[in-house]
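A quick write-up on the structure given underneath.
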Amino acid sequence: MITREVAFCVNGQGVSVADESGQTLLDVLRNTLHMKSTRMGCGQGQCGACRVMVDGHAVAACETPLWAVENKSVTTVEGLGSRDKPHALQTAFIEEEAMQCGFCTSGILMSAAALLQRQNQPTRQEIVQALDGHLCRCGAHNRVIRAIEKAAARLGPV
């Protein structure tokens, strides 16, 4: 088996990982880099649990081959904010109690962050559309939308 190194940035840190045949970005994030916030859900890119940002766009890490992120910037929820300085989305999600089991939350946060990067004051419809690829069984949808609206208001127009 031929392997080669794939270099990319994760949460602002440069990494180089051996690309083994068939590895996805999700495999590398969870099993090689030990970043456990990105979840394996359906494994087919349909549930949203594994969403991360690649160069500012929300993508399904379970469907993204490792080679596709070479020389790109990947952001996971670990890179969104910290305990000391949480992102406005993280603060709003806590305040609005916009999560229950938490399994899908990191993927939703990453899709919301990508939305707010490209559209800093999204309409409710744009928020709903950005979250369309996320499955959540907990029933916190309205609270999630309110949290994203709150974060957008706090971040303000650019």
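Nothing in this text is a laboratory measurement; each read-out follows from the coordinates by a stated rule. Keep in mind that this is a model prediction, so the values were computed, not measured. No Cβ is skipped: glycine too gets one built from the backbone with ideal geometry, and neighbour counts run over all protein chains shown.
Here are the numbers for the structure shown:
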| quantity | calculated |
| --- | --- |
| HN-Hα J in Hz across the range 116-128 - Karplus 6.51, -1.76, 1.60, θ = phi - 60°, x for Gly and Pro | 5, 6, 9, 9, 6, 10, x, 6, 4, 5, 5, 5, 4 |
| For the range 88-155, the Rg and Dmax computed from alpha carbons only, in angstrom | 10.5, 29 |
| ³J(HN,Hα) computed for each position of the range 133-149 - Karplus, 6.51 cos²θ - 1.76 cosθ + 1.60, integer Hz, glycine/proline x | x, 10, 9, 9, 8, 7, x, 9, 3, 5, 5, 4, 4, 4, 5, 5, 4 |
| Part-to-part distance (alpha-carbon centres) for the range 1-39 and the range 49-103, which is given in Å | 16 |
| Top of K36, K85, K72 by mean-square fluctuation, Gaussian network on the chain, Cα under 10 Å | K85 |
| Amide H contacts of V6 (H built 1.01 Å from N, under 5 Å, at least 5 apart or other chain) | V17, A18, D19 |
| Radius, Kirkwood style, for the chain when every pair of distinct Cα atoms is counted (Å) | 15.9 |
| Cβ-based net charge around E20, under 14 Å, with every Lys or Arg adding one and every Asp or Glu removing one | -2 |
| Length-normalised contact order for the range 1-100 - Cα pairs under 8 Å, 6+ apart - percent | 29 |
| Eligible lysines near K150 by straight Cα distance, threshold 29 Å, same-chain separation 8 or greater | K36, K85 |
| Calculated from backbone phi, Karplus (6.51, -1.76, 1.60) coupling profile of the range 101-111 in Hz, x at Gly/Pro | 6, x, 4, 8, 4, 5, x, 5, 4, 5, 5 |
| Cα-Cα P(r), the range 1-90, percent of pairs per 10 Å interval | 18, 52, 26, 4, 0 |
